[in-house]
Amino acid sequence: MPVTHNRTRQVTLLAMLTALCVALRIVKIPIPNVQPVTAILMLVTLQLGLAAGLILAVNTMVLSNIFLGFGIWTIPQIGAYAGCILLVGFLARVTPLRRWFWAQLTLCGLLGFLYGFLVSLGMAVFGQLSGLGFWAYYLAGIPFDGYHAAGNLVFYFVLKKPLVLALTKYQKSGQN
């Protein structure tokens, strides 16, 4: 298959996944910080690799923040998702994470807390929070990080099988 066809397929897939993540991030669930983006990013990173996960994260945050509100916080959000994706990629490389569903589920839940911490850290850098300001900002966000983590657990459990099946089918269809 020509290289340009493969690139076109990859770009198309990432565009569709970005549209899905943006739409699902914009849809308001009555519980704050509960949306399936983190679970989707983790699954895409495990199935398609680090580059796909990072591209999807950046595209999702930039495009969804155009609708939700774009500001300096977008940079720490992108950085936080990059940190989460790098952790998933690292653990997938050095452990048999891809074979252990319960480890994946646990990690996805913990990513809700890691994301919140990294956003707070980023806001300390870009928002010029210092010392107690950082800790006040971070501690005030812990309940929301808990909602994020709980949502991740539910969404990962629900999305793993259909998304892995779809991505596996995509990968196999490109080999023909």
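The values are calculated or read from the model by the stated rules, or taken from the named source; none is laboratory data. For clarity, every value in this text was computed on a predicted model and none was experimentally measured. Counting neighbours? That spans all protein chains shown, and the Cβs are built from the backbone with ideal geometry, glycine included.
Flag not set for R93, criterion: in a helix (DSSP H, G or I) and modelled with pLDDT under 95.
Taking the listed residues G112, G141, the one that is among the small types (G, A, S), closer than 23 Å to I55 by Cβ, in a helix (DSSP H, G or I) and in contact with a Gly (Cβ under 8 Å, 6 or more places away or on another chain) is G112, with no other qualifying. Pairs meeting the criteria (first residue in the range 21-32 and among the charged types (D, E, K, R), second residue at pLDDT 90 or above, beta carbons under 6 Å, at least 6 apart or on different chains) are R25/Q35; R25/V37; R25/S64. Among residues of the range 4-16 that are in contact (Cβ under 8 Å) with a residue 60 or more places away in the chain, those with a beta-carbon under 9 Å from a residue that is loosely packed, with under 12 Cβ neighbours inside 10 Å and assigned to a helix (DSSP H, G or I) at least six positions away or on a different chain give the pairs R9/S173. Given the structure, is I85 more than 13 Å from the chain's Cα centre (by Cα) and within 29 Å of A136 (Cα to Cα)? Here the answer is no, as I85 does not meet what is asked.
May I ask you to list the residues in the range 1-55 that are in contact with a Lys or Arg (Cβ under 7 Å, 6 or more places away or on another chain) and either farther than 25 Å from A103 by Cβ or outside any loop (DSSP other than H, G, I, E, B) (or both)?
Pass one, the range 1-55, residues in contact with a Lys or Arg (Cβ under 7 Å, 6 or more places away or on another chain): 35, 37, 43, 46.
V37, L43, L46 - these are the residues of the range 1-55 that are in contact with a Lys or Arg (Cβ under 7 Å, 6 or more places away or on another chain) and either farther than 25 Å from A103 by Cβ or outside any loop (DSSP other than H, G, I, E, B) (or both).
Limited to the range 129-176, what total is found for residues that are of a type in the set (S, T, N, Q) and modelled with pLDDT of 90 or more? Within the range 129-176, residues that are of a type in the set (S, T, N, Q) and modelled with pLDDT of 90 or more number 2. Considering only residues in the range 70-85 that are of a type in the set (F, W, Y) and not in a helix (DSSP H, G or I), the one that is farthest from F134 (Cα to Cα) turns out to be F70. The set of residues in the range 3-48 that are loosely packed, with under 12 Cβ neighbours inside 10 Å and charged (D, E, K, R) comprises R7, K28.
Determine, yes or no, whether L87 is touching a residue at least 24 places away in the same chain (Cβ under 8 Å) and buried (at least 19 other Cβ atoms within 10 Å of the Cβ). Don't jump to the end; show me each part of the working.
Values: touching a residue at least 24 places away in the same chain (Cβ under 8 Å): yes; buried (at least 19 other Cβ atoms within 10 Å of the Cβ): no.
For L87, the condition - touching a residue at least 24 places away in the same chain (Cβ under 8 Å) and buried (at least 19 other Cβ atoms within 10 Å of the Cβ) - is not met.
Selection of the range 129-176 for residues being over 19 Å from A39 (Cβ atoms), of a type in the set (A, V, I, L, M), surrounded by fewer than 17 Cβ atoms within 10 Å (Cβ to Cβ) and without any contact (Cβ under 8 Å) to a residue 24 or more places away in the chain yields L132, A136, L139, A140.
Give the range 101-122 a look and list any residue that's among the hydroxyl-bearing types (S, T, Y) and modelled with pLDDT under 95, or say none. Step through it out loud before you land on a result.
Of the range 101-122, the ones among the hydroxyl-bearing types (S, T, Y) are 106, 115, 120.
Residue satisfying the conditions is S120 alone.
Kindly establish whether L107 is in contact (Cβ under 8 Å) with a residue 40 or more places away in the chain, within 20 Å of V58 (Cβ to Cβ) and either of a type in the set (S, T, Y) or buried (at least 17 other Cβ atoms within 10 Å of the Cβ) (or both). Against the criterion (in contact (Cβ under 8 Å) with a residue 40 or more places away in the chain, within 20 Å of V58 (Cβ to Cβ) and either of a type in the set (S, T, Y) or buried (at least 17 other Cβ atoms within 10 Å of the Cβ) (or both)), L107 does not qualify.
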